[in-house]
1. Looking at the stretch 151-172, I want the residues that are under 16 Å from residue 122 (Cα atoms) and have a partner that is in a loop (DSSP other than H, G, I, E, B) and of a type in the set (Gly, Ala, Ser) with Cβ atoms under 8 Å, at least 6 apart or on another chain. Which pairs are those?
2. Quick one: count up the residues across the stretch 64-79 that are out of contact with any helix residue (DSSP H, G or I) (no Cβ under 7 Å at 6 or more places or on another chain), over 13 Å from residue 171 (Cβ atoms) and surrounded by 14 or more Cβ atoms within 10 Å (Cβ to Cβ).
3. Anything in the stretch 100-129 that is without any contact (Cβ under 8 Å) to a residue 40 or more places away in the chain and not small (Gly, Ala, Ser)? List them, or say none.
4. Hey, does the stretch 43-56 have a residue that's farther than 27 Å from residue 144 by Cβ, open to solvent by less than 90 Å² (accessible area, probe 1.4 Å) and modelled with pLDDT of 65 or more?
5. Name the one entry in 98, 82 that is open to solvent by less than 20 Å² (accessible area, probe 1.4 Å), under 14 Å from residue 171 (Cβ atoms) and modelled with pLDDT of 95 or more.
6. Going by the structure shown, is residue 167 β-branched (Val, Ile, Thr) and either more than 19 Å from residue 177 (Cβ to Cβ) or open to solvent by 20 Å² or more (accessible area, probe 1.4 Å) (or both)?
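The values are calculated or read from the model by the stated rules, or taken from the named source; none is laboratory data. Here the structure is a predicted model, which means the values were calculated and not measured. Reconstructed Cβ throughout: ideal geometry from the backbone, glycine too, with neighbour counts over all protein chains shown. Side chains are part of the model used for accessible areas, which takes the heavy atoms of the whole protein and leaves out ligands, DNA and RNA. Shrake-Rupley method; radii C 1.70, N 1.55, O 1.52, S 1.80 Å.
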Amino acid sequence: MKLKQALVAAVAVGALLLTGCSPSGGDADGPADAKIVRVGVVDLAKSIAPWAQAGHPGQYMWSAMYDALTVIDRDGKAAPALAESWERSDDTTWEFTLKKGVTFQDGSAVDAESVVTTFEFLLSDDGRAQYAPHVSTYKYITGVTAIGTNKVEITTDGPRPLLASDVSSVCVVPAVLLHQGMDALWATSVRGD
């Protein structure tokens, strides 16, 4: 995990340093106050959907773009990410409390509703069909409900002691990406020049 964080940090720092190299603070593609970061990669992921494929190059891009409720720490245990804490209410019910003040890249809040929307999509017939290998990790989830703005209740089909680990692979995305179609947005927002 530390190596991945160091790699992402090194790429980000390098990109930021390079953006400051033009004499006017801008370039021919836009004004000096434009917020553009260019990063060189060997290959792009096939989709902006973080559940579309396993491995690289996607995993490096997605880990810099999205977060999940939990992350797996260096000891192989679930640790806080978007969720600051979680607990089992009973054998089939878990409650995740989200960190406050977290936003997506567009400035919209990462709240209980965005978590519910992501899970509802992935567990829908369309989500299961498009991302079957990914969804198979947590296919036992039977419901995800918002409890206010910063709590989410997840129910399962039976006792699932590894739920907190399993949801570490479910990157939460802004609802607009799910409504507009992630791959259509990907095709119009990423340039390969």
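1. These pairs meet every condition: 167/68; 168/68; 168/81; 169/68; 170/68; 171/68; 172/68.
2. Number satisfying all stated conditions: 1.
3. Within the stretch 100-129, 102, 103, 111, 116, 120, 123, 125, 126, 128 qualify.
4. We begin by selecting, within the stretch 43-56, every residue farther than 27 Å from residue 144 by Cβ; these are 43-44, 56.
Checking the rest, the ones that are also open to solvent by less than 90 Å² (accessible area, probe 1.4 Å) come to 43-44.
In the following step, the residues that additionally are modelled with pLDDT of 65 or more were identified as 43-44.
Scanning the stretch 43-56 turns up at least one residue that is farther than 27 Å from residue 144 by Cβ, open to solvent by less than 90 Å² (accessible area, probe 1.4 Å) and modelled with pLDDT of 65 or more.
5. 82
6. Details: β-branched (Val, Ile, Thr): yes; either more than 19 Å from residue 177 (Cβ to Cβ) or open to solvent by 20 Å² or more (accessible area, probe 1.4 Å) (or both): no.
No.
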